[in-house]
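Working notes, structure below.
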Amino acid sequence: MRLKLLILFVLWSISYGNAQIDQSKTGAWYMYFFNTQFKNSDFGIQGDLQHRNWNVLGDLEQLLVRTGVTYTPKNSGIMFTLGYANITTGTFGDSTVSTNENRIYQEGLFSQKLGGRFFLTHRFRYEQRFVENQDFRTRYRYNLFLNIPLNKKTLEKNAIYTAFYNEIFVNGQTNIGNNNTVALFDRNRTYLGLGYVLKPGQRFQLGWMNQKTNNWGKGQLQFSFHP
């Protein structure tokens with residue numbers, strides 16, 4: 001009996017250890033963003049496709065598909081979005097176990113220019129999350145973006161620029177069902193990268209993002225295309 005218990009404990013320890021995130025291993029996110037305004041209308045669509053990996057390629061962290069309807073009142077400088085996202089989240093390591101999430105979100109986004117060369121964008125997002133095997137959850141997010149052109153005065157064609165953002169996530173609930181809880185603070189993401197404007201409406205970025213939760217922190221390479 002003791003031998004059986006010992007074997008079970010060892011097997012559990014191995015499986016638990018394999019499930020832990022290797023914080024020293026660099027991940028990679030591949031992202032495509034789109035944003036289209038309907039002709040002669042205050043409405044449009046926006047969204048993004050993201051393939052996130054625990055490593056450079058092959059170990060799925062998340063597959064995210066997100067899109068929404070936008071409304072930009074004339075002369076307001078603010079864009080509102082009502083959207084939907086589907087997220088498949090994988091498990092670190094060799095496991096093929098994954099969970100699914102359906103998400104509805106609302107956001108407000110506005111930009112400002114400081115000092116002639118500092119282009120700021122503020123994004124506030126509220127999410128309603130339907131995560132597999134969890135109770136209904138909500139989350140609040142605030143992201144501050146900063147782009148600084150290096151060889152031009154604006155983000156015009158052939159401009160090279162530095163890109164920075166910091167986003168904080170706060171959970172609306174701590175009880176997620178089945179006697180499981182999460183912290184009020186969900187995570188923080190800090191990013192620094194370099195971008196190139198191919199032409200108005202087409203920008204490429206390569207950068208480094210560090211993501212921290214209460215339990216782990218991990219670096220991610222980010223390759224992205226932006227409107």
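The values are calculated or read from the model by the stated rules, or taken from the named source; none is laboratory data. It should be emphasised that the depicted structure is a prediction, and the values quoted were computed from it without experimental measurement. In this analysis, Cβ positions are derived from the backbone assuming ideal geometry, glycine residues included, and neighbour counts consider all displayed protein chains. In case anyone asks, the SASA skips ligands and DNA or RNA and just uses the protein heavy atoms, side chains included. Shrake-Rupley method; radii C 1.70, N 1.55, O 1.52, S 1.80 Å.
For the stretch 90-104, putting each phi into the Karplus relation 6.51 cos²θ - 1.76 cosθ + 1.60 with θ = phi - 60° gives couplings of x, 9, 4, x, 7, 5, 9, 5, 9, 10, 10, 9, 10, 9, 10 Hz, in residue order, rounded to whole numbers and with x for Gly and Pro. Against the empirical curve 2.2 N^0.38 Å, the C-alpha radius of gyration of the chain lands at a ratio of 1.17.
Expressed as a whole percent, the accessible surface of the chain that belongs to carbon and sulfur atoms is 62, based on a 1.4 Å probe. In the stretch 70-216, taking the dipole from charged Cβ atoms about the Cα centre, the farthest positive-side position among 70, 175, 82 is held by 70. Per residue, the average separation of C-alpha pairs within less than 8 Å and at least 6 apart gives the chain a relative contact order of 15 percent. Over the C-alpha trace of the stretch 37-107, radius of gyration and Dmax come out as 16.3, 52 angstrom. Compared with the dominant Cα axis of the chain, that is its longest principal axis, helix 2-19 is turned about 10°.
With all protein chains kept in place, the per residue accessible area of the stretch 117-227 amounts to 52 square angstrom at a probe of 1.4 angstrom. Inter-part distance, the stretch 43-88 to the stretch 112-187, computed on C-alpha centroids, equals 12 Å. How about residue 152: which lysines have a C-alpha closer than 20 Å to its C-alpha, ignoring those fewer than 8 places off in the same chain? The qualifying lysines are 113, 199. Computed about the Cα centre, the dipole magnitude for the stretch 70-216 is approximately 820 debye when only Lys and Arg (+1) and Asp and Glu (-1) carry charge, each at its Cβ. Placing 84, 142, 191 in order of accessible area, with the largest value first and a 1.4 Å probe, yields 84, 142, 191.
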